[in-house]
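Report on one structure; see the data block that follows.
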Amino acid sequence: MAAYVIADVTIEDAEKFDEYLARAPDVLRVHDVKYLARGGEVVVLEGDWSPTRLVILEFDDVDHARRWYESPEYRELRRLRAPFSRTNLVAVAGVE
C-alpha cells in the first residue's frame with residue numbers, strides 16, 4: 001500500500017538551503033520516490049496550520065519511506081538541511 005511523507009519546512013537561510021534543494025531530487029530518484037507537491041501555493045482551508053513550504057512525497061509503503069529516511073544519502077542531506085531550516089516530517093500509510 002502506498003505511503004506518503006509530508007514535510008512542513010521553514011527555511012531560515014534560503015541561500016544556504018539552495019544546496020539541499022539542488023541535491024534532494026537526485027537522492028529521491030535513487031530511492032524511486034515521487035514528488036507529489038514541492039513548495040507550491042498553500043491555501044489554508046480550515047484551522048491555523050500555515051506551513052511555509054509543504055512537500056509531499058510518494059513511496060511504495062511506510063517501510064520504503066523509512067529506508068529512504070535512514071539511508072546514508074538522505075542522512076547526509078538531513079545534516080546539510082538542519083542548520084538552515086526547521087522541519088516537521090511525518091509518514092502516513094495510504095488507503096487501499
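Some notes on this structure:
- Approximate spin-label separation Arg86-Asp63, in nm, with each point projected 7 Å along Cα-to-Cβ: 3.6
- Near-label residues of segment 44-72 by backbone N, under 13 Å of a point 7 Å along Cα→Cβ of Met1: 61-63
- For chymotrypsin sites (Phe, Trp or Tyr not before Pro), the sites in segment 1-77 that DSSP calls loop and that have at most 15 other Cβ atoms within 10 Å are Trp49.
- Under 20 Å from the Asp13 label point (7 Å along Cα→beta-carbon), backbone N, segment 40-83: 53, 75-83
- Kirkwood-based shape ratio for segment 3-93, expressed as Rg/Rh from alpha carbons: 0.95
- Summary of the geometry: segment 9-29 and segment 66-96, compared by the centres of their Cα atoms, lie 12 Å apart.
- In segment 3-93, a dipole from Cβ-located charges (positive for Lys and Arg, negative for Asp and Glu) runs towards its positive end, and of Val9, Val27, Leu89 it is Val27 whose Cα lies farthest in that direction.
Every number here is computed from the coordinates shown, using simple stated rules; none is lab data. Keep in mind that this is a model prediction, so the values were computed, not measured. Quick reminder, even Gly has a Cβ in these numbers, built from the backbone with ideal geometry, and neighbours come from all protein chains shown.
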